[in-house]
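Visitor: Dropping the structure in here first, questions after.
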Amino acid sequence: MSIFNKYKFNIIFIILFNISILAIVECEGENQNNVLIIHFKSFFPKDDYSPNESKTLINSWIRRKLYLEIENKSGQKLPFIINLKIPEMHINNVVSLIREDDERYYKPYIEDISNFCNFNYHNSDSYELTTNYNYSFHYITNTCYAKEKVYFYSDLNLKEKKLYEIQFVHSTNETNVCFFSGLLLTQSSAFQKSNFLMQLKHLINSKSYSWALKFDSPDEGELIFGDIKGNKNLKFYNDNSEDNYKSYQVQTFSEVIYWKLYFEKIYFGDHVISTDSHFYFNIDIHNRYITIPMEYFNQIRGKYYLSDDNYTSTDSEKKFICFEDDSQMFHSIYCRKKEFLELTDNYKKLPELNLFGNNIGFNITFSAKELFLEKDEKVYFLIGYSTKSDFDWEMGNVFLEKYITIFDNDAKLVSILKRNDKASKESDDNGKNNNLGKFILIIILIFILSGLIFGFLGIFFGKKYFQSRKKKANELNDDDYDYSPNSINVEENQNSLLDSK
């Protein structure tokens, strides 16, 4: 019997042991962070009061709402409209409730929304009421608590999903409803049962209450919750390491968190928009636009977009190619696409926008093209001002689309991932090289460990084997003998004959 056959189970055990070590090391590196991924889309309220299609479109953009598209166990889609205020999840058929406080000037959303708020809990086999109708919620009486089983993803490709159970306030008897959930953390015991972020954190046992919006297009993307920063499984435009983020503390009042960006200087090309020592932009997760005070909007408008040079001339008339929309108390600019692109050489003649703040530590920069959205035969300038609050600065999705921004509700921190295409490529290459180096090092260590184990076993069992062979050889009388069984028998027979004589 060969050594391998004799000790094959030990050898197989060693090989499997080494493979297990490699798998454990790899899993330890891959699963060091916990995240949930939820796809989001945009809901655009329709307003048919204006005959101008461009004005109607702009109105829908400034009233847009992001909502999470969640699937339950039965395959139904649950629209979760999100906001930065109320943390408690609930269901309702009154879509006007999605209005924020600053939308009090707008008409309620009374149009047909059956194609949007269409979740019917009667058709769900995992929807369950857990209490009686004896609670009051935001002046709505006769409400109760309910729960539902839904799928959340763990990867940005939305391939790996798992079923979880969530709880919320059941606040209507209607069958076609929307869900409403806030991204505000509160430690208040009144919201423990149905707080959206608290439930997500407990479901995956994440270390933080961090969340971020990753836009795949201007209208949709993924909400990421959990341990985001430093997570090797999350790939962004730059390496997702803590060193590439700039973080700063934000203000809070009671249980409200004020998500703001602080700047000292703003430049539009070589034109200084503002050099105030301290001002801030409120972060708006819904509105597309960057909103600035009227004074600064007029400076940009007159210098670049609605100046006397901004028209095409014919023999009979001046034909302006850009227009100002002042509907719904919001002023913005849109232009005829073909003529505007020709006049600006595809945006090349237009300046970029630069914002700098000591808290952030690097420039927030938008190219001229990034400040426009092309739609049909028009281009829309994504900077405007609101007459209902003339002194407000607000940063809309044009910022969140470009910069990965992590909101840490527990630490009250905003963290912005720097954009640097060259650094990003070098970082990606370094990351790949580092991963390859780690893998090679692990393989080398495993081979060394295997060599030591095999060497020890070889010496230990080999010594026993050869000692056994040596003992048998020493029992023979002469090295010249033929050690075959037949020769031994012949010798014994001859000795017997001699003795008999």
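Just so it is clear, none of the values below were taken in a lab; they were calculated from the coordinates. As the structure is a prediction and not an experimental result, all values here were calculated from the model. Cβ: placed from backbone, ideal geometry, glycine included. Neighbour counts: every protein chain shown.
Visitor: PRE reach from SER241 (point 7 Å along Cα→Cβ): which of the stretch 194-234 fall under 18 Å by backbone N?
Guide: 228-234
Visitor: Hey, what did the stretch 253-417 get for relative contact order, percent, Cα under 8 Å, at least 6 apart?
Guide: Values: 287 pairs, mean separation 50.4, N = 165.
Reported relative contact order: 31 percent.
Visitor: Collect residues whose amide H, placed 1.01 Å from N in the peptide plane, falls under 5 Å from the amide H of LEU184; neighbours closer than 5 in sequence don't count.
Guide: Excluding prolines and chain starts, which carry no amide H, the hits are LYS85.
Visitor: What list of ³J(HN,Hα) values in whole Hz, one per residue of the stretch 350-357 in order, does the Karplus curve 6.51 cos²θ - 1.76 cosθ + 1.60 (θ = phi - 60°) give from phi, with Gly and Pro shown as x?
Guide: So the Karplus estimates, Gly and Pro as x, are 9, x, 9, 9, 10, 10, 10, x Hz.
Visitor: Turning to a different aspect of this structure: Kindly identify the stretch 253-417 as rounded, prolate or oblate by the Cα gyration tensor criterion: order the square roots of the eigenvalues as a ≥ b ≥ c, call it rounded if a/c is under 1.5, otherwise compare a/b with b/c, prolate if a/b is larger, else oblate.
Guide: It comes out prolate by the Cα gyration axes.
Visitor: What is the order of MET294, MET395, fewest Cβ neighbours within 10 Å to most?
Guide: MET294, MET395
Visitor: Pop the C-beta distance of ASP155 and ASN346 into the FRET formula with R0 = 56 Å and round what comes out to the nearest 0.05. Mind dumping the intermediate values first?
Guide: Values: r = 37 Å, r/R0 = 0.65.
Computed FRET efficiency for ASP155 and ASN346 comes out at 0.95.
Visitor: Also, I was wondering about something else. Mind listing the phi-derived Karplus ³J(HN,Hα) values for the stretch 365-376, rounded to whole Hz, using 6.51, -1.76 and 1.60 with θ = phi - 60°, and x for any glycine or proline?
Guide: Whole-Hz 3J(HN,Hα) from phi for the stretch 365-376: 10, 10, 5, 4, 5, 5, 8, 10, 10, 8, 9, 6.
Visitor: Let me ask another. Got a sec to turn the phi values of the stretch 256-272 into Karplus ³J(HN,Hα) couplings, 6.51 cos²θ - 1.76 cosθ + 1.60 with θ = phi - 60°, whole Hz, x for Gly and Pro?
Guide: Once θ is set to phi - 60°, the couplings for the stretch 256-272 become 9, 9, 9, 7, 9, 10, 9, 9, 10, 9, 10, 10, 10, x, 8, 8, 7 Hz.
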